[in-house]
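Asks: Here it is, the structure, as structure tokens.
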Amino acid sequence: MKGGEFVRISSRTANLGTETAFEVLAEVNRLVREGNDIISFCIGQPDFDTPRHIKDAAIKAINEGKTGYTDSAGLYSVRQSVARFISKSRGVDCKPEHVVIANGAKAFIAFAILSTTDYGVGDEVIYPNPGYPIYESQAVANGAVPVPLPLTEKKGFSFELDELKKRITPRTRLLIINTPHNPTGGILSRQDLEGIAALAAKHNFWVYADEIYWQLSYDRKFESIASLPGMYERTIISDGASKAYAMTGWRMGFMANPVLAPHMARWMTNIEACPNHMAQYALQEALDGPQDETKKMIASFRERRDLIVKLLNDIKGVRCLTPGGAFYVFPNVTEALYNLGLESSEQLRKLLLKNGVAVLSDIHFGRKNPEETQQYLRLSYATSKENIVEGLRRMKKAIEGGL
Ligand SMILES: Cc1ncc(COP(=O)(O)O)c(C=O)c1O
């Protein structure tokens, strides 16, 4: 008898979504292990090491015995640092009591959905599509109704406000926005943010502002929706150390909202107990310490962005906007597919992998909008310039060689 026939797995688990990008990553890692020469543009994490002074803060904490549980919301002194950081960067009056620290910002996606919707009653969560796949998977797993909001290339991968309006109903509880955006690198304009803020106030829903990439905003100063009048109270600011401080594996994320923080802290008590004790000292040092390394990383990402966009646009049939932030590009490959006689970006992804270049395709970022006629790939340029030049040379050869 098969296990599944007598020990039942819940349907919410059986149907749980995932980041399919991790499956591609596992395949790429296997190919590399088998000796294949592959340049990967798959992974969404800085290729830099965590700055020395940040590591030292954690080592000191361990040596001083900071190894027990802490408050579920995180150490008060570290929340004070986070509150100062949020107040300064968003222009709001954030207090330590408004802050919760977790093991990565990712956890707050689930906690926000859990804190603002009820299970199975039709509460709706609107989220960007394409987008970070966890928004949809957590909405579904927690019994909410997922409502994808299409982003369009012609708006620089922002959305039309009318498209948002069409999706708002009396059951809308939460709107998730992500700026700068994964997977497109798009940034919401001030006008977009003002439009969203007016709708949030009129229809009384929460906004989850996933701002994990905010420091990686290359061409203009980052603006948070939380800084608009009346928005701090209804915005769940989500941020963390992963991307701007090269700390993905440390798992340090934080949120701020004056109303929801105590509830999020109870979710932390229920699920995590508390954020990692010694890593909190590393987070504190990242936020309060010198910012030179982060500035250098940002300058380097910006140069790589310009390089990869130029090289992509040099490939026949590929068109790539210059993204304003994060470390992703989302080139349109529709014409290249046509030239190659391929049907989907996923087929192109596989072809490129055979030619030594690993990328992701648009299907890894949510179900495709049925009205979308264009096809895209996603490349992370958090890799060296040498890799970018060689990877794009291979890509050009694979795409144009087939012509
Ligand atoms: C849009 C977005 N939100 C959240 C996260 C999660 O970040 P963390 O490492 O803090 O959990 C990521 C990581 O890739 C991301 O791309």
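Asks: Beta carbons within 10 angstrom, averaged per residue: use that to sort the peptides 124-132, 253-261, 58-66, highest first.
Replies: Peptide ranking by packing, descending: 124-132, 253-261, 58-66.
Asks: Translational diffusion coefficient, Stokes-Einstein: compute it for the chain using the Kirkwood radius over C-alpha pairs as Rh, at 4 °C and 1.567 mPa s, and state it as an integer in µm² s⁻¹.
Replies: 59
Asks: Please identify which residues in the stretch 377-403 have an amide N closer than 19 Å to a label point set 7 Å out from the Cα of Lys316, following the Cα→Cβ vector.
Replies: Residues 392-403 qualify, since their backbone N sits under 19 Å from the label point.
Asks: Normalising by the residue count of the stretch 1-101, find the relative contact order in percent from Cα pairs under 8 Å and 6+ residues apart. If you can, show how the numbers build up before the last one.
Replies: Working: 36 pairs, mean separation 15.9, N = 101.
Contact order relative to length: 16 percent.
Asks: On full extension of the chain, what length is gained from Phe22 through Asp93, given 0.36 nm per residue of separation minus the C-alpha to C-alpha distance?
Replies: 21.8 nm
Asks: So, one more: Which shape class applies to the stretch 155-308: rounded if a/c is under 1.5, otherwise prolate when a/b exceeds b/c and oblate if not, where a ≥ b ≥ c are the square roots of the Cα gyration tensor eigenvalues?
Replies: oblate
Asks: Also, quick follow-up: Given H placed 1.01 Å from N in the peptide plane, which residues other than close sequence neighbours of Tyr127 have an amide H under 5 Å from its amide H?
Replies: Correct list: Val147, Leu149, Ile176.
Asks: Additional query: Decide, for the stretch 65-288, between rounded, prolate and oblate: order the square roots of the alpha carbon gyration tensor eigenvalues as a ≥ b ≥ c, take rounded if a/c falls under 1.5, and otherwise choose prolate if a/b is larger than b/c, else oblate.
Replies: Prolate, since a/c reaches 1.5 and a/b exceeds b/c.
Asks: Using Cα pairs closer than 8 Å and at least 6 residues apart in sequence, work out the relative contact order for the stretch 65-288, in percent.
Replies: 30
Asks: Then there's this: At a 10 angstrom cut-off on C-beta neighbours, averaged per residue, how do the peptides 109-117, 23-31, 193-201 rank from highest to lowest?
Replies: The densest-packed peptide leads the list: 109-117, 193-201, 23-31.
Asks: Go through 79-92, 178-191 and give me the packing order, highest mean Cβ count within 10 Å leading. It would help to have the intermediate numbers written out before the result.
Replies: Numbers: 79-92: 19.6, 178-191: 23.8.
Going from most to least packed, we get 178-191, 79-92.
Asks: Phe365: net charge of surrounding residues, Cβ under 15 Å, Lys/Arg +1, Asp/Glu -1, itself excluded?
Replies: Once positives and negatives cancel, what remains is -4.
Asks: Calculate, for His203 and Asn369, the FRET efficiency according to 1/(1 + (r/R0)^6) with r their C-beta to C-beta distance and R0 25 Å; round to the nearest 0.05.
Replies: With R0 = 25 Å, the Cβ-Cβ based efficiency is 0.65.
Asks: Also: Out of Asn270, Ala26, Ile109, whose Cα points farthest toward the positive end of the dipole of the chain (charges: +1 Lys, Arg; -1 Asp, Glu; placed on Cβ)?
Replies: Most positive-ward Cα: Ala26.
Asks: Same structure, new question: In whole Hz and in residue order, list the ³J(HN,Hα) couplings for the stretch 231-242 that follow from phi through the Karplus curve 6.51 cos²θ - 1.76 cosθ + 1.60, θ = phi - 60°; x for Gly and Pro.
Replies: Result, ordered by residue: 8, 4, 5, 9, 10, 9, 7, 10, 8, x, 8, 3 Hz.
Asks: How big is the gap, in Å, between the Cα center of the stretch 54-98 and the Cα center of the stretch 301-376?
Replies: Distance between centres, Cα-based: 39 Å.
Asks: I would also like to ask the following. If you stretched the chain out fully between Asn387 and Asp56, how much longer would it get, using 0.36 nm times the residue separation minus the C-alpha to C-alpha distance?
Replies: 116.1 nm
Asks: When the helices in the chain are scored as -39500 (n - 2.57) per DSSP H run of 4 or longer and the sum is shared across all residues, what 222 nm value do you end up with, to the nearest 500 deg cm²/dmol? Walk me through the numbers before you get to the answer.
Replies: On the way: 15 runs with 166 residues, N = 403.
Calculated at 222 nm, the ellipticity per residue is -12500 deg cm²/dmol.
Asks: Here's another thing I want to ask about it. Below 8 Å between Cα atoms, with a sequence gap of 6+, how large is the relative contact order for the chain in percent?
Replies: Relative contact order for the chain comes out at 23 percent.
Asks: Okay, next question. Debye calculation, C-alpha points only, no solvent: report log10 I(q)/I(0) for the stretch 254-372 at q = 0.17, 0.19, 0.21, 0.24 Å⁻¹, in the same order as the q values.
Replies: -0.97, -1.05, -1.16, -1.39
FYI, it's all coordinate maths here, none of it is from the lab. Keep in mind that what you see is a predicted model, and the values were worked out from it rather than measured. Glycine also receives a Cβ, built like all others from the backbone with ideal geometry; neighbour counts cover every protein chain displayed.
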